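First up is the structure itself, then whatever we jot down about it.
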Amino acid sequence: MLISDAFAQSAGAISANSTVGMIVQLLLIFMVFYFILIRPQKKKIMQHEAMLAAIVKGDKIVTGGGIIGVVEKANGDKLDVKIAEGVVVSVDRFTVRGMADSSDVVPQSKSSNTTATGKKVSKVKKNK
């Protein structure tokens, strides 16, 4: 015989102690998930919503698409954002990812030979 009589008789009903232990373990797992995952995510969402509500004219923002600009007009859910000299785009307030540093936005003049990063562009002369 492959199974002894002792092992066959031990497959009884689940006791009350093991049920209570299982419930305690599930509660501990839920508490860990709450304090490590759920609570910090809610806090981050609340901070982002507060930042979106506080956007006013003159703020430097970064959109979800990576566009960096200065808010020219904030009316309701739409923002008019100046991204270059003479270029103003309208974006939805909820597409704003965050606030940009002042070093991220480089003022460009029409006569300047600089790139968006502020580096000088050298002109190459061709010999004829």
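Exactly one residue among SER122, SER102 is at pLDDT below 90, among the hydroxyl-bearing types (Ser, Thr, Tyr) and within 21 Å of the chain's Cα centre (by Cα), and that residue is SER102.
The set of residues from the stretch 35-70 being in the same structural domain as VAL81 (by TED's automatic domain parsing) and among the polar types (S, T, N, Q) comprises just one member, THR63.
Looking only at the stretch 56-89, residues that are assigned to a loop (DSSP other than H, G, I, E, B) and either modelled with pLDDT of 95 or more or loosely packed, with under 14 Cβ neighbours inside 10 Å (or both) come to 10 in all.
Which of the residues that make up the stretch 55-78 are of a type in the set (A, V, I, L, M, F, W, C) and farther than 13 Å from ARG97 by Cα? Residues satisfying the conditions are VAL56, VAL70, VAL71, ALA74.
The values are calculated or read from the model by the stated rules, or taken from the named source; none is laboratory data. No experiment lies behind these values; they were computed from the predicted model shown. A quick note on method: Cβ atoms are made from the backbone with ideal geometry, for glycine too, and the neighbour counts reach across all protein chains shown.
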